[in-house]
Amino acid sequence: MVYMQKCGTSKLEDAGDCFAMAECWSEAAEVFLKAKCYTKCFSMCSKGKQLYNLGLQFLQQLEEHSLENSKSLEVSAIRTKYLDNCAQHYFEHADIKHMMPFVKAFSSMDHVRTFLNSRNLVDELLSLEMEMGNFLEAAGIAKHKGDVLREADMLEKADLFEDATRLLLLHIIVDSFWSSNSRGWPPKRYPEKEQLLARTKEMAKKVSECFYCFVCVEADALSDVNKSLPSLNCTLVEGRKCANLLVELVASRSILDVHLQSRAFGYNIE
């Protein structure tokens, strides 16, 4: 304190050394920051353990000030090492919540991806890619995770409406005919299906009129809504026009079901 009171800025580093010897880490860090002794400053933040966030604040302060080139390069190297060490500390203690602010402060997304991928923190990377607006990258992560609905969400946000629509339709088809608890026929009914089909139509509108018509035909064929024989015949005709084999098969089988059920109940359908 005498150094600081009597000598002004000329003895700040000496004052910081005194605080460090007394293990007054936060005081030492603040004094070293004022003295522009950045290596010592962030060393104190690391030694204090509970001062990691103080070091993060210091880095943010330094970003707001223009530094001469030599100091800028020094701070850049210190920044990378400090953030890595802090993030690794919290990772080793399974404290992902406190780890993420340091990861977000990394200088590049490539650094972020390398750090999180190497530690198998896929969910955290997915959330961060979404937060940063990197929807195409987020879609790739969702695909790797097997999260089809999230992948479709990200493709839609990336304005890849055709890709998102086709993926969602494929998901509905698989869920309807080949999911673990489906018998193949009739198509499995589930509450979310109609909502998903409506969403495919909305996205298809943003592609083209032709694509929208194609999707509507397929969506109507997959719908759980009860259909009359005339509507099924129309679906079959539209499927043939579009050369959509799936629609033709579903419509044909549905028509056959109507005839079989009518015979079972003694009705005669011409």
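Tell me the angle of helix 122-131 to the major Cα principal axis of the chain, expressed in degrees between 0 and 90 and rounded to the nearest ten. With both axes taken from Cα atoms, the answer is about 90 degrees. Once both labels are positioned 7 Å from their Cα atoms along Cα-to-Cβ, the gap between V225 and V237 label points is 1.9 nm. Ordered by solvent-accessible area of protein heavy atoms (1.4 Å probe), largest first, the residues L128, L136 come out as L136, L128. Taking a Cβ cut-off of under 12 Å around A204, the surrounding Lys, Arg, Asp and Glu residues balance to a net charge of -1, with basic ones at +1 and acidic ones at -1.
The angle between the Cα long axis of helix 69-92 and the longest principal axis of the Cα atoms of the chain comes to about 60 degrees, rounded to the nearest 10.
Over the chain, accessible surface divided per residue gives 59 Å², non-protein components excluded, 1.4 Å probe. Helix 109-118 and the longest principal axis of the Cα set of the chain meet at an angle near 80°.
Calculated FRET efficiency, L249 to K97, Cβ-Cβ distance, R0 = 51 Å: about 0.50 to the nearest 0.05.
Ordered by 1.4 Å accessible area with all protein chains kept, M203, M130 run largest first as M130, M203. Note on E63: accessible area is roughly 120 Å² with a 1.4 Å probe, heavy atoms of protein only. Of the listed values (1) 165; (2) 129; (3) 138, identify the label whose number matches volume of the Cα convex hull per residue in Å³ calculated from this model. Only one option fits the structure, namely (1). For the stretch 1-155, the fraction of 1.4 Å probe accessible surface lying on carbon and sulfur atoms is 51 percent.
Here's the list of lysines a cross-link from K104 could span, going by alpha-carbon distance under 28 Å and ignoring same-chain residues fewer than 8 apart: K34, K36, K40, K47, K49, K71, K81, K143, K145, K157. Based on the Cβ-Cβ distance of D147 and A77, what FRET efficiency does E = 1/(1 + (r/R0)^6) give at R0 = 35 Å, to the nearest 0.05? Working from the Cβ atoms, E equals 0.40.
Per 0.36 nm of contour for each residue apart, how much would the distance between K206 and T9 grow if the chain were fully extended, relative to their Cα-Cα spacing?
Values: separation 197, 0.36 × 197 = 70.92 nm, distance 6.39 nm.
Extra length available between K206 and T9 comes to 64.5 nm.
The values are calculated or read from the model by the stated rules, or taken from the named source; none is laboratory data. Note that the structure is a prediction, hence the values are computed from the model and not measured. Every residue, glycine among them, receives a Cβ derived from its backbone with ideal geometry; neighbour counts consider all protein chains shown. For accessibility, only protein heavy atoms count, side chains too; no ligands or nucleic acids. Shrake-Rupley method; radii C 1.70, N 1.55, O 1.52, S 1.80 Å.
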